[in-house]
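Have a look at the structure below, then the notes.
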Amino acid sequence: MIEMTVAGIALDAYTRSPIVLLKDGSDRRALPICIGQDQAKAIIGAIENHEPPPRPLTH
């Protein structure tokens, strides 16, 4: 198993859907994964250390 970390979030140029990019520790491998808008917002919030919402989200 290879440990991966979140390298960032981007939008697909064609579909405009969010993609999370995972990279390994040596930056030799990358794994793009298509995600939904809600998941992208949650990941960006965690990366930027935003306060969690007062109630659990439905996703």
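Rule-based calculations on the coordinates, nothing more; no lab input. Given the structure is predicted, the values throughout are model-derived calculations rather than measurements. Ideal geometry is used to build each Cβ from the backbone, glycine not excepted, and the neighbour counts take in all protein chains shown.
Calculated from DSSP H runs of 4 or more alone, at -39500 (n - 2.57) each and per residue, what is the 222 nm mean residue ellipticity of the chain, nearest 500?
Taking each H run of at least 4 residues, the total per residue is -5500 deg cm²/dmol.
Each residue, residue 39 and residue 24, gets one label point 7 Å from its Cα in the Cβ direction; the gap between the two is 2.2 nm. Evaluating 6.51 cos²θ - 1.76 cosθ + 1.60 at θ = phi - 60° for every residue in the stretch 14-23, the Karplus couplings come out as 8, 8, 6, 8, x, 10, 9, 10, 9, 10 Hz, glycine and proline recorded as x.
Considered as an equivalent ellipsoid built on the Cα gyration tensor, the chain has semi-axes of 22, 16, 9 Å, the largest given first. Between the helical axis of 37-47 and the dominant principal axis of the chain, each derived from Cα atoms, what acute angle in degrees is found, rounded to the nearest 10? The answer is roughly 80 degrees. Distance between the 7 Å Cα→Cβ label points at residue 50 and residue 3: 2.8 nm.
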